[in-house]
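Enquirer: The structure follows.
The values are calculated or read from the model by the stated rules, or taken from the named source; none is laboratory data. If you're wondering where the values come from, they're calculated on a predicted model, not measured in any experiment. Cβ atoms come from the backbone with ideal geometry, glycine included; neighbour counts cover every protein chain shown.
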C-alpha cells in the first residue's frame, strides 16, 4: 500500500480481516461500538484504580477519541460514536462494579451512595466526555 506507513498498513489489514463482524444498524457500525465499549470498561477500571475518577474519565476520553478517529467520517459521526461508546461503557462499568462489589472482590461502588441521581449524573458526564473524545478523534483524522 503506497503512501502509508507500516502501522497504518497493519491496522488496515486487521480491519479488512474483521469485515465479517461488521453489522450496520441504522447507519451505525456495531463493531466499533462493541470494541470501544469493551476497551472503555477495561481502561476506565485500570486507570480509575491507579488515578481515581480523573483516570477513569481519561480512559473514557482516550477510547472515545480512538473510536472517533477510526470511524473515518465527519465530526458529527465521531461525536455520536464517542457518546455511544462512553454511555454503554459507563453502564457496563457500573454493572461490573456492582457484581464485583456484591462478590466482595473489587472496589466499592461509591456511586450507589448517591442512588439513581448519582448514576444518571455519572452517565451524563460519561456522555459529555465521550462526545468530546469522539470530536477530538474525528478532528485528528481530518
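Enquirer: Pairs under 8 Å by beta carbon, first residue at positive phi in region 65-89, partner in a helix (DSSP H, G or I), six or more apart or different chains?
Expert: Cβ pairs passing all conditions: 72/141.
Enquirer: Determine if region 60-74 includes at least one residue that is at pLDDT below 85, in a helix (DSSP H, G or I) and touching a strand residue (DSSP E or B) at 6+ places or on another chain (Cβ under 9 Å).
Expert: Taking every residue of region 60-74 in turn, at least one turns out to be at pLDDT below 85, in a helix (DSSP H, G or I) and touching a strand residue (DSSP E or B) at 6+ places or on another chain (Cβ under 9 Å).
Enquirer: Run down 120, 79, 111, 38 and say which single residue is over 22 Å from residue 139 (Cβ atoms), surrounded by 13 or more Cβ atoms within 10 Å (Cβ to Cβ) and at pLDDT 80 or above.
Expert: Every option except 38 fails the conditions.
Enquirer: Exactly one condition in (1) surrounded by 14 or more Cβ atoms within 10 Å (Cβ to Cβ); (2) modelled with pLDDT of 80 or more; (3) within 18 Å of residue 28 (Cα to Cα) is false for residue 125; which is it?
Expert: In the conditions (1) surrounded by 14 or more Cβ atoms within 10 Å (Cβ to Cβ); (2) modelled with pLDDT of 80 or more; (3) within 18 Å of residue 28 (Cα to Cα), residue 125 misses (3) alone.
Enquirer: Among the listed residues 101, 35, which satisfies the condition of being farther than 15 Å from residue 130 by Cβ and without any contact (Cβ under 8 Å) to a residue 40 or more places away in the chain?
Expert: 101
Enquirer: Please give the number of the condition residue 19 fails out of (1) under 19 Å from the mean Cα position of the chain (by Cα); (2) within 23 Å of residue 137 (Cβ to Cβ); (3) modelled with pLDDT under 80.
Expert: All conditions pass for residue 19, except number (1).
Enquirer: Moving on to the next point. Which members of region 39-55 meet the condition of being under 12 Å from the mean Cα position of the chain (by Cα) and free of Cβ contacts under 8 Å to residues at least 24 places away in the same chain?
Expert: Listed by number, the residues that qualify are 42, 43.
Enquirer: Residue 31: more than 14 Å from the chain's Cα centre (by Cα) and either in a helix (DSSP H, G or I) or at negative phi (or both), yes or no?
Expert: Answer is no for this residue.
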